[in-house]
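Participant: Starting off with a structure, shown below.
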Amino acid sequence: MILIFIQISAPVPLSGWDFWYVSPAKAVLYSPDTKVPRTGELALRKAIPANINMKSIQTSLEDISYLLRIPQRKPYGTMEGNVKKALKIAKDEKDSILASLPEDLKEKGSTLYASLIDGKGGLQALLQCIKDQDPDRVSVGLASSLDAVAELELLQAPGLSFLLPQQYLKYPRLTGRGTVEFTIEKVDGSTFSPEAGGEPKKNAKIQVVIDGFSAPLTAGNFVKLVVDGAYNGAKLSFTDQAVLTDNGLDKNSGYSVPLEIMPSGQFEPLYRTTLSVQDGELPVLPLSVYGAVAMAHSEVSEDFSAPYQFFFYLYDKRNAGLGGLSFDEGQFSVFGYTTAGREILSQIKSGDIIQSAELVEGQDRLILPNEN
């Protein structure tokens, strides 16, 4: 304790005691209190810019997922309190929640709201599962309630919640969510491991949800490239930390978009600047999730993303701090997450190709530079 006190007080590391010194950045990385989403679905749900009351309901429910991880006696009383709090907000703030819906979506939103309260997978049903102290049913019911919350939030957020700087309107932009399906092909004669009861195949599909709410320029450039067929036939490289596309120098590549990162707690992205993790800055879309999708840096300047090259991040907590943060957190423009086919990522080898990339949802949210 004396040594630690001296280290904190000393302006420089003590000679001969270098192993006691931890830099401020690494202190944050190794903090057990640092919380980041552990799945793409959770990260995407947190990123939806919705009504403040819906966010309060979401936070109350997501706290239950942490309580469920307690290995022995589950704090069912606390869980019950969380659901009752969510129910109270939902009922007391019904008018505010429904008023946040666009006029043409109010009927659908009202149906979803009713389902969230009293539906088969709603809050009342979740409350009963907790009272029965059945952790498996609680887990299933919680997932169902959170899905309903996310669906209602997406109806409340049909476009961007901020204005883009005038100088960036020359780039394509995605004003919401999109979904891209990749077909990956092995070219060396090997196959992907089959699903249960399936046959080995040389092709496999990966689905990625693209988030234009938090990274509209990066997402817009990427989606335009997908629509243009730019990634069809792209070669992939595999490393311990990522699956990376080729640099696209031989292709008609996209725009060199400025680095775009939205910090947690902010309402618009920062451009051409990284986040200072040592000061507690964390992104809305964290890199520290297995299957995160981000643009590589430009070869000209790290203030910009590459116009074409992107990667799937293979997050591994063994290579991160105890807080669960990648040492590259806050340094890249993350714009989406793998939501289906995550198990395929580790089976990709250098030389495999993207046979096709198809935008299956979100075309109506892509705005090109020559459009209003």
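The values are calculated or read from the model by the stated rules, or taken from the named source; none is laboratory data. Quantities reported herein were computed from a predicted structural model and do not represent experimental measurements. Virtual Cβ from ideal backbone geometry, glycine too; neighbours counted across all protein chains shown. Ligands, DNA and RNA are excluded from the accessible area calculation, which covers all protein heavy atoms including side chains. Shrake-Rupley method; radii C 1.70, N 1.55, O 1.52, S 1.80 Å.
Participant: Between residue 299 and residue 84, how high is the FRET efficiency from 1/(1 + (r/R0)^6) when r is the Cβ-Cβ distance and R₀ = 45 Å? Nearest 0.05.
Facilitator: 0.25
Participant: Let me ask something else. Loop only by DSSP, 15 or fewer other Cβ within 10 Å of the Cβ. Give me the trypsin sites (Lys or Arg not before Pro) in the stretch 280-371 that pass, ordered by residue number.
Facilitator: Answer in residue order: 349.
Participant: Once you sort the root eigenvalues of the Cα gyration tensor of the chain as a ≥ b ≥ c, which label holds: rounded (a/c under 1.5), prolate (a/b larger than b/c) or oblate (the other case)?
Facilitator: Rounded, since a/c falls under 1.5.
Participant: Follow-up. Quick one: net charge of residue 186's neighbours, Cβ under 10 Å, K/R +1, D/E -1?
Facilitator: 0
Participant: Still on this structure, I have one more. For the stretch 153-254, which whole percent of the accessible surface, found with a 1.4 angstrom probe, sits on carbon and sulfur atoms?
Facilitator: C and S fraction of accessible area: 48 percent.
Participant: Among the chymotrypsin sites (Phe, Trp or Tyr not before Pro) within the stretch 251-327, which fall in a DSSP loop and have no more than 10 other Cβ atoms within 10 Å of their own Cβ?
Facilitator: Answer by residue number: 267.
Participant: Residue-wise, which Karplus ³J(HN,Hα) couplings in Hz belong to the stretch 44-53, taking 6.51 cos²θ - 1.76 cosθ + 1.60, θ = phi - 60°, and x for glycine or proline?
Facilitator: 5, 5, 5, 7, 5, x, 10, 3, 4, 5
Participant: Say each of residue 340 and residue 94 gets a label point 7 Å from the Cα, pointing the same way as Cα to Cβ; how far apart are those two points in nm?
Facilitator: 3.5
Participant: In addition: Multiply the residue gap between residue 111 and residue 273 by 0.36 nm, knock off their C-alpha separation, and tell me the result in nm, one decimal place.
Facilitator: Residue separation times 0.36 nm, minus the Cα-Cα distance, leaves 54.1 nm.
Participant: Averaged per residue, what accessible surface does the chain expose to a 1.4 Å probe, in Å²?
Facilitator: On a per-residue basis, the chain sits at 50 Å².
Participant: Okay, moving on. So, with +1 on the Cβ of K and R and -1 on the Cβ of D and E, and no other charges, what is the size of the charge dipole of the stretch 106-154 about its Cα centre, to the nearest 20 debye?
Facilitator: 120
Participant: Quick check: residue separation of residue 368 and residue 169 times 0.36 nm, minus the Cα distance between them. What number comes out in nm?
Facilitator: 70.7 nm
Participant: Counting other Cβ atoms within 10 Å of each Cβ, which trypsin sites (Lys or Arg not before Pro) in the stretch 69-104 have at most 14 and sit in a DSSP loop?
Facilitator: When the trypsin sites (Lys or Arg not before Pro) of the stretch 69-104 are filtered for loop state and at most 14 Cβ neighbours within 10 Å, 69, 73 remain.
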